[in-house]
Amino acid sequence: MFLLRDINPLSLKLLNRIYRESRHHQVRQRAHFLILASQNLTNKNLMKIFKVSYKTMYNWLNRWEYEGMLGLYNKPGRGRKETFNSAQSDQIKDWVKSQPKQLKQVVQKIKEEWCINTSTETIKRIIKKKYELA
């Protein structure tokens, strides 16, 4: 059994709201975990419900203890980093605009200019992102 400090009624109400309404699955899962942990469920039951290890639950509780509600959310910097910065993306868009049907030539220019190996699919994603933002 984890040593969880008592969750005050206001925090519990906020946790319930986050559990029901957050658009992030992991945040909802962590809020639900804290709600159930505050109801004194055993560690084994919590591990079965959430299909996570003891260490993961321990990490969730530590983040809750030290960071409060912010501990429910993922920290920035997770996931794969972008291959090209915004200036490079703008340059790629210009190259594609000048040669729209020659993506392999754009890939070659990228390799020559920045020594970055990429694919035509990556170029297509960059262009698609441009039109989604516009």
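The values are calculated or read from the model by the stated rules, or taken from the named source; none is laboratory data. Just so you know, these numbers come straight off a predicted model, no measurement behind them. In this analysis, Cβ positions are derived from the backbone assuming ideal geometry, glycine residues included, and neighbour counts consider all displayed protein chains.
Of all residues in segment 56-76 being farther than 19 Å from Asn43 by Cα and among the hydroxyl-bearing types (Ser, Thr, Tyr), which is surrounded by the fewest Cβ atoms within 10 Å (Cβ to Cβ)?
Tyr66
Considering only segment 77-85, I want to know if a residue exists there that is surrounded by 16 or more Cβ atoms within 10 Å (Cβ to Cβ) and under 30 Å from Asn117 (Cβ atoms).
Pass one, segment 77-85, residues surrounded by 16 or more Cβ atoms within 10 Å (Cβ to Cβ): 84.
Now narrow it down to the ones that are under 30 Å from Asn117 (Cβ atoms): 84.
The answer is yes; a qualifying residue exists.
Within the bounds of segment 37-54, is there any residue that is in contact (Cβ under 8 Å) with a residue 24 or more places away in the chain and either in contact with a strand residue (DSSP E or B) (Cβ under 8 Å, 6 or more places away or on another chain) or closer than 16 Å to Tyr19 by Cβ (or both)?
Scanning segment 37-54, I find at least one residue that is in contact (Cβ under 8 Å) with a residue 24 or more places away in the chain and either in contact with a strand residue (DSSP E or B) (Cβ under 8 Å, 6 or more places away or on another chain) or closer than 16 Å to Tyr19 by Cβ (or both), so the answer is yes.
Tell me yes or no: at least one residue of segment 100-121 is in contact (Cβ under 8 Å) with a residue 40 or more places away in the chain and surrounded by 11 or more Cβ atoms within 10 Å (Cβ to Cβ). Before the answer, list the steps.
Step one: list which residues in segment 100-121 are in contact (Cβ under 8 Å) with a residue 40 or more places away in the chain, which gives none.
No, the conditions are met nowhere in segment 100-121.
Among (1) exposed (fewer than 12 other Cβ atoms within 10 Å of the Cβ); (2) assigned to a helix (DSSP H, G or I); (3) charged (D, E, K, R), there is one condition Arg28 misses while meeting the rest; what is its number?
Every condition holds for Arg28 apart from (1).
Residue by residue, here is whether (1) touching a Phe, Trp or Tyr at 6+ places or on another chain (Cβ under 9 Å); (2) at pLDDT below 90; (3) within 30 Å of Val27 (Cβ to Cβ) holds:
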site: Leu61; (1), (2), (3): yes, no, yes
site: Glu65; (1), (2), (3): no, no, yes
site: Leu70; (1), (2), (3): no, no, yes
site: Trp95; (1), (2), (3): no, no, no
site: Val107; (1), (2), (3): no, no, no
site: Glu113; (1), (2), (3): no, no, no
